[in-house]
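The values are calculated or read from the model by the stated rules, or taken from the named source; none is laboratory data. In this text the structure is predicted, and so the values were computed from the model without any measurement. In this analysis, Cβ positions are derived from the backbone assuming ideal geometry, glycine residues included, and neighbour counts consider all displayed protein chains. We work out accessible area using only protein heavy atoms, side chains counted, and drop any ligands, DNA or RNA first. Shrake-Rupley method; radii C 1.70, N 1.55, O 1.52, S 1.80 Å.
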Amino acid sequence: MEPGSRRSGGFFRKLGKLFMFVGIAWSVLLAGGLVTAFVFLSRTPKVPARTVLELRLDRKLQAAPSSGGLMDVLNPDRSSLRAVLRALDTGAEDDKVQGLLVYVGGDHGLATLQELRDAIVRFRKAGKFAYAFAHSFGEVAGGTGPYYLATACDEIWIQPSGSVGITGLRAEVPFVKELLAHVGVKADGQQRKSYKTAFNTFTQQGFTEAHAASTASLLEDTLGLLVADIAAARKLEPARVKELFAQGPFLAEDALGAKLVDHIGYHDQVLAAVKGRAQGGEMLYTGAYLERHGDDDEGKGPKVAVIYGVGTIVDGKGQIDPLSGSATLGAKTIAAALRQAARDKDVKAVIFRIDSPGGSYVASDTIWRETVELRNAGKPLIVSMGDVAASGGYFVAAGATKIVAEPATLTGSIGVYAFKLVTKDLWDKLGVSWGTLSTSPNADLWSSLSGFSPEDHKRLGRWLDFVYDDFTSKVALGRKMSAEAVEAVAQGRVFTGARAKELGLVDELGGMETALALAKEAAGLPKDKDVELVPLPERQGLLERLWGDERDSSEDDLESATWNAAWLERAATWAGHMEAAAPKGAPLQAPVPALH
């Protein structure tokens, strides 16, 4: 984009946003007006005197709470993990709530399932019952994850036609070196170090020794966690659970005989059983329960900021696709939120919830710097890891006061790689020739038309060595470990949270509940002290997010991480003012060191 086009381009992008907003507004105005009128003309129903909560897990939960706006319009029934946990913990202390019915299913990460299991266990310890129901724990697919969650409940019900698909764990890794060679493409690059295996997909035709060892270790550690928890919950010997994994899947009757489930029945039958246990209790979904209860998760008392970092780490602002829900973790967004927390004298501590496989080294470093500045401002920083906080996801956590992970969280992967796919032979086979002109000897460094020269590899090697040394030194600083100790657990190796705790990369095992307790402790607050949880970045309305007004300075830039730039570009296209992002045929983005 030419320098002189930036201002006019910004105007047209905003014009495009406005056009799109008008279209959206017209489509939802009538429904929104009716809903608003209903809210004002009716009272919010109360929680019934005897209530059984219903929790639907047949769709993936959002890793971060909704930030409002278009996401809520397009996904009105999608709940966040935080909202579900809050409903369970609130219900555990509510005398009106008698029990819980969990509809098991969906695609959830193992660490997410562990956090949900912990919440169900807390719910039961408060004297409430919990039943799990599934049509099937895997029909023509594995059902280990859903079944693992169900074992946190008092009773497990399954439909007569269902099955219990516990079949063990399996890792499948594609290797495409020969395929690429067949079409005339070759991967060229480097990695640091032997356990940094993402590059292997393009350069190997099978597991290397290090790749196989790392993957096998992850599988064994994870299986051990599953076996231990299932054995304890179902009152079986661990050896017996291992045998059952080897024998699955099971038909419903066989699962009942193996004590994997407690009852076989249909939905109406489990409902009757639940209502009988609750002595006529009324059913209420967890989302509706929170609305009726009026608990907005903020509470009263000292402020603890909660910052969610979800998705691949990128420079600039974070984005969430309003249709797919896929997210990027934007360094600009997270850095601004950390600065806001550091400046706010009422914020006593910060919880940084990370669910990210990594991404840009430079963006990760930007966030790391702000975590250091936050601590220099006297604010404790507690990291809570979700399903994955590896590579760049660990980099941004390394400076925290304390790091909390679930036993099954994937973390570590302290390493780096960079590569490009060389397509010259492909173009030759297709009869396509490229004319090239350059102003400098290294202008083709990231061109896909040629591989790295020996001198290029030296330059790339120096770059990757710098990144790796910087990464490991910051881990050593944050974790108070020697360089030798860090190197022993680095080299790109991925660990479960349980193993990472043994190795000193994690402080405590648990979820947000554990992180909050540590945040209170670090801030000098009593354990039973109520706190106000303040989400950052601050929520924005739909119109504010669409218009995207410029702030006076980067210090005030706290724009929400919930708008997808692709939508804005489409809007600009509809308005007829799309800017050219790059010359035709040029790569859209040059490769950078990746912390995946």
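Please verify whether the stretch 372-384 includes one or more residues that are under 23 Å from Arg117 (Cα atoms), under 13 Å from the mean Cα position of the chain (by Cα) and in a strand (DSSP E or B). Before you say what the answer is, go through the steps one by one.
Applying the first criterion (under 23 Å from Arg117 (Cα atoms)) to the stretch 372-384 yields 382-384.
Checking the rest, the ones that are also under 13 Å from the mean Cα position of the chain (by Cα) come to 384.
Now drop any that are not in a strand (DSSP E or B), which leaves 384.
Yes, there is a match, as at least one residue in the stretch 372-384 is under 23 Å from Arg117 (Cα atoms), under 13 Å from the mean Cα position of the chain (by Cα) and in a strand (DSSP E or B).
So, in the stretch 150-178, of the ones that are open to solvent by less than 30 Å² (accessible area, probe 1.4 Å), modelled with pLDDT under 95 and not in a loop (DSSP other than H, G, I, E, B), which residue ends up farthest from Arg240 (Cα to Cα)?
In the first step, residues of the stretch 150-178 are kept if they are open to solvent by less than 30 Å² (accessible area, probe 1.4 Å); the result is 150-153, 156-158, 162-166, 168.
From what's left, modelled with pLDDT under 95: 162-166, 168.
Now narrow it down to the ones that are not in a loop (DSSP other than H, G, I, E, B): 163-164.
Values: Ser163: 19, Val164: 16 Å.
So, considering only residues that are open to solvent by less than 30 Å² (accessible area, probe 1.4 Å), modelled with pLDDT under 95 and not in a loop (DSSP other than H, G, I, E, B), the one farthest from Arg240 (Cα to Cα) is Ser163.
Is there a residue in the stretch 330-342 that is polar (S, T, N, Q), assigned to a strand (DSSP E or B) and more than 30 Å from Gln159 (Cβ to Cβ)?
Within the stretch 330-342, the first condition is being polar (S, T, N, Q), and the residues that meet it are 333, 340.
Checking which are assigned to a strand (DSSP E or B) leaves us with none.
No: the stretch 330-342 contains no residue that is polar (S, T, N, Q), assigned to a strand (DSSP E or B) and more than 30 Å from Gln159 (Cβ to Cβ).
Here's a check for you: in the stretch 484-499, which residue that is in contact with an Asp or Glu (Cβ under 9 Å, 6 or more places away or on another chain) and assigned to a helix (DSSP H, G or I) is nearest to Ala390 (Cα to Cα)?
Within the stretch 484-499, the match that is nearest to Ala390 (Cα to Cα) is Gly497.
From the residues in the stretch 276-286 that are over 18 Å from Glu155 (Cα atoms) and surrounded by fewer than 19 Cβ atoms within 10 Å (Cβ to Cβ), which one is modelled with the lowest pLDDT?
The selected residue is Gly280.
Hey, among Ser413, Ser450, Ser433, Ser440, which residue is more than 31 Å from the chain's Cα centre (by Cα), of a type in the set (Ser, Thr, Tyr) and surrounded by 13 or more Cβ atoms within 10 Å (Cβ to Cβ)? Don't jump to the end; show me each part of the working.
Working: Ser413 fails: more than 31 Å from the chain's Cα centre (by Cα); Ser433 fails: surrounded by 13 or more Cβ atoms within 10 Å (Cβ to Cβ); Ser440 fails: surrounded by 13 or more Cβ atoms within 10 Å (Cβ to Cβ).
Unique residue meeting the criteria: Ser450.
I'd like the full set of residues that are more than 17 Å from Gly492 (Cα to Cα) and either free of Cβ contacts under 8 Å to residues at least 24 places away in the same chain or open to solvent by 40 Å² or more (accessible area, probe 1.4 Å) (or both), limited to the stretch 453-464. Working first, answer last.
So in the stretch 453-464, the residues more than 17 Å from Gly492 (Cα to Cα) come out as 453-460, 462.
Within the stretch 453-464, Ser453, Pro454, Glu455, Asp456, His457, Lys458, Arg459, Arg462 qualify.
If a residue counts only when it is under 30 Å from Ala349 (Cβ atoms) and of a type in the set (Lys, Arg), which strands (runs of 3 or more DSSP E) contained entirely in the stretch 255-321 have at least 1 such residues? Can you show your working first?
Details: elements: 282-285, 303-310, 312-314.
Counting at least 1 such residues, we get 303-310.
Among the residues of the stretch 179-193, which ones are buried (at least 17 other Cβ atoms within 10 Å of the Cβ) and in a loop (DSSP other than H, G, I, E, B)?
From the stretch 179-193, those buried (at least 17 other Cβ atoms within 10 Å of the Cβ) are 180, 185-193; that's our starting set.
Across the stretch 179-193, the qualifying residues are Val185, Lys193.
Determine whether the stretch 136-147 contains at least one residue that is of a type in the set (A, V, I, L, M, F, W, C), out of contact with any strand residue (DSSP E or B) (no Cβ under 8 Å at 6 or more places or on another chain) and either over 30 Å from Leu430 (Cβ atoms) or free of Cβ contacts under 8 Å to residues at least 12 places away in the same chain (or both). Before the answer, list the steps.
So in the stretch 136-147, the residues of a type in the set (A, V, I, L, M, F, W, C) come out as 137, 140-141.
Next, from what is left, pick out any that are out of contact with any strand residue (DSSP E or B) (no Cβ under 8 Å at 6 or more places or on another chain): 140-141.
With either over 30 Å from Leu430 (Cβ atoms) or free of Cβ contacts under 8 Å to residues at least 12 places away in the same chain (or both) added as a condition, the list becomes 140-141.
Scanning the stretch 136-147 turns up at least one residue that is of a type in the set (A, V, I, L, M, F, W, C), out of contact with any strand residue (DSSP E or B) (no Cβ under 8 Å at 6 or more places or on another chain) and either over 30 Å from Leu430 (Cβ atoms) or free of Cβ contacts under 8 Å to residues at least 12 places away in the same chain (or both).
Name every residue in the stretch 500-513 that is assigned to a helix (DSSP H, G or I) and either of a type in the set (A, V, I, L, M) or modelled with pLDDT of 95 or more (or both), in order of residue number.
Step one: list which residues in the stretch 500-513 are assigned to a helix (DSSP H, G or I), which gives 500-502, 512-513.
Matches in the stretch 500-513: Ala500, Lys501, Glu502, Met512.
Out of the stretch 231-255, which residues are open to solvent by 60 Å² or more (accessible area, probe 1.4 Å), among the hydrophobic types (A, V, I, L, M, F, W, C) and free of Cβ contacts under 8 Å to residues at least 24 places away in the same chain?
Scanning the stretch 231-255 gives Ala232, Ala239.
Among Val467, Val404, which is the only one that is touching a helix residue (DSSP H, G or I) at 6+ places or on another chain (Cβ under 9 Å), part of a helix (DSSP H, G or I) and either open to solvent by less than 20 Å² (accessible area, probe 1.4 Å) or closer than 16 Å to Gln190 by Cα (or both)? Can you show your working first?
On the way: Val404 fails: part of a helix (DSSP H, G or I).
None of the others qualify; the one that does is Val467.
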